Amino acid sequence: GAGVSQSPRYKVAKRGQDVALRCDPISGHVSLFWYQQALGQGPEFLTYFQNEAQLDKSGLPSDRFFAERPEGSVSTLKIQRTQQEDSAVYLCASSTTGYEQYFGPGTRLTVT
Amino acid sequence: RKEVEQDPGPFNVPEGATVAFNCTYSNSASQSFFWYRQDCRKEPKLLMSVYSSGNEDGRFTAQLNRASQYISLLIRDSKLSDSATYLCVVIGGQAGTALIFGKGTTLSVSS
């Protein structure tokens, strides 16, 4: 079946622009996660949704980062006023109720 | 101190070698542990869970030492296809569902 999909796959933004990254989880997966992976580092947790409820946003690095999942399926991660340090791969993952998380291919964001 | 620490390597080994990766974690309350594998410019994928009693999956063996807060992964009879980054992972976060990753250990297997 279809896995987690993310769009766009690549995004170049000028510093100060707003960006929106989309995640389509595996159908029926209740849990959805966003991670940020900088070059040469492991992924870092950003936020977690159970259905439409955002239960953990402790990893969001600043108030410029905002995530939503209004209908409990598709999720959007928005970054306002992008900075160079926001350049990274943004990974979305989904799961049922267990701990195995299935990752999408990521969106590579480059802020110039 | 980072929650999960790994030696980043790289580990360069010939085919057929046995290689071991280690990882330490800081939160003694952590309950679930995993190894993920990440190929270059790809997404992470679950390799195996790590159980207190130790567990094996083919050529791969994972061990957990709760007293030392130490996790290991042993790969026997390395194959070229094992070349990847291996990420040590602990469950954490406020909701107890987030994957907390180490920086990863890079393995390169050569013929």
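Look at (1) touching a helix residue (DSSP H, G or I) at 6+ places or on another chain (Cβ under 8 Å); (2) open to solvent by less than 80 Å² (accessible area, probe 1.4 Å); (3) not β-branched (Val, Ile, Thr) and you find that residue B:15 fails only one, number (2).
Residues that are of a type in the set (A, V, I, L, M) and either at pLDDT below 95 or under 17 Å from residue B:100 (Cβ atoms) (or both) within the stretch A:92-112 comprise just one, A:93.
Take the conditions (1) among the hydroxyl-bearing types (Ser, Thr, Tyr); (2) exposed (fewer than 13 other Cβ atoms within 10 Å of the Cβ); (3) in a loop (DSSP other than H, G, I, E, B); residue B:78 misses just one of them, which is (2).
Any idea which of A:13, A:53, A:2 is modelled with pLDDT under 95 and farther than 27 Å from residue B:88 by Cβ? Matching residue, one of A:13, A:53, A:2: A:2.
Residue by residue, here is whether (1) crowded, with 18+ Cβ neighbours inside 10 Å; (2) more than 14 Å from chain A (Cβ to nearest Cβ); (3) more than 10 Å from the chain's Cα centre (by Cα); (4) under 27 Å from residue A:10 (Cα atoms) holds:
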{"site": "B:26", "(1), (2), (3), (4)": "no, yes, yes, no"}
{"site": "B:34", "(1), (2), (3), (4)": "yes, no, no, no"}
{"site": "B:40", "(1), (2), (3), (4)": "no, no, yes, yes"}
{"site": "B:55", "(1), (2), (3), (4)": "no, yes, yes, no"}
{"site": "B:58", "(1), (2), (3), (4)": "no, yes, yes, no"}
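All but one of (1) open to solvent by 70 Å² or more (accessible area, probe 1.4 Å); (2) within 14 Å of chain B (Cβ to nearest Cβ); (3) within 13 Å of the chain's Cα centre (by Cα) hold for residue A:66; which doesn't? For residue A:66, the exception is condition (2). Scanning the stretch A:1-47 for residues that are under 17 Å from residue A:93 (Cα atoms), aliphatic (A, V, I, L, M) and in contact with an Asp or Glu (Cβ under 9 Å, 6 or more places away or on another chain) yields A:2, A:4, A:38. State which residue pairs qualify: first residue more than 7 Å from every other protein chain (Cβ to nearest Cβ) and inside the stretch A:93-106, second residue in a strand (DSSP E or B) and open to solvent by 70 Å² or more (accessible area, probe 1.4 Å) in any location, beta carbons under 8 Å apart, and separation of 6 or more residues or different chains. Pairs found: A:93/A:102; A:94/A:102; A:95/A:102.
The values are calculated or read from the model by the stated rules, or taken from the named source; none is laboratory data. Because the structure is predicted, anything quoted here is derived from the model rather than measured. Please note: Cβ atoms are built from the backbone with ideal geometry, for glycine as well, and neighbour counts cover all protein chains shown. Calculation scope for accessible area: heavy atoms of the full protein, side chains included, ligands and nucleic acids excluded. Shrake-Rupley method; radii C 1.70, N 1.55, O 1.52, S 1.80 Å.
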